[in-house]
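Undergrad: Got a structure here, written out as structure tokens. Questions coming.
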Amino acid sequence: MSDLQLHTLHPDFDRLHDIFGDKRLKSIYGAGCVKNPRVMFVFMNPTGRNVSANLCWHGLRAPWLGTKVIWKLFHELKLISDEKYFKIQKLKNVDWTPEFSESIYTQLRKNRVYTTNLAKCTQKDARPLSNVIFKEYLDLMLREIEIINPKHIITFGNQVSSIILGKNISVSTYQGRKSELLVFNKRIYNIYPVYYPVGQGMRNMSRAVNRIRRIIQPS
């Protein structure tokens, strides 16, 4: 488990969770390939549907554990196997185990993928977070990017993309491999705003998959 997460930042994430998160739940951290992945996926914030947010969970606390929809995106991008995907679709939320959860992120690590949320403070439901809360995580997000050092960074949705890039972003204007540049501590990172593929954004799943496929395919 230790080589799937960036533990140095966890205390800072927990401090913010104590302020902005549900006290009956735990922070959810980024996980996967923690050294120079080919792609980092940045989502919004975790909810109580994630089984690893439970106070009694003893295992990896990572994005999307116990959920189903988002794994379709990873499967269509060939980042998780058919075996893992079909098992995910069969499992009930309460049937997820720490062992199976870790096996999924181990596979993502092998495929050089790192997955995280801009905000790590878990909410009981999917109600929107304000920009004020997301901005409290921005400095930590930039440190996470700097340490992980991904080749490509996929930011999902207008809100996350706008906060990370510091300007108003509309993902609908980004097609193909069009990107933005993020400059931090004299390093330059390629940021690709993409449609959010969960919740109401499910209708844009195919658009997200097609764009990401073009971004991460070998040049």
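None of the figures in this text is laboratory data; all of them are computed from the coordinates on show. Keep in mind the model is a prediction, meaning the values are calculated, not measured. For neighbour counting, all protein chains shown are included, and Cβ atoms are generated from backbone atoms with ideal geometry for every residue, glycine included.
Undergrad: Quick one: work out the % antiparallel among DSSP beta bridges in the stretch 2-216, nearest 5.
TA: Of those bridges, close to 35 percent are antiparallel.
Undergrad: What is the magnitude of the charge dipole of the stretch 2-216 about its Cα centre, with +1 placed on the Cβ of each Lys and Arg, -1 on the Cβ of each Asp and Glu, and no other charges, expressed in debye to the nearest 20?
TA: Computed about the Cα centre, the dipole is about 700 debye.
Undergrad: Here's something else I'd like to know. Within the stretch 84-165, count lysine pairs with alpha carbon atoms under 28 angstrom apart where the residues are 8 or more positions apart or belong to different chains.
TA: 20
Undergrad: Please give the length that would be gained between D12 and N131 if that part of the chain were fully extended, namely 0.36 nm times their separation in residues minus their C-alpha to C-alpha distance (nm, one decimal).
TA: Here the answer is 41.0 nm.
Undergrad: Something else about it: Counting Lys and Arg as +1 and Asp and Glu as -1, what is the net charge of the other residues whose Cβ lies under 12 Å from the Cβ of N190?
TA: +4
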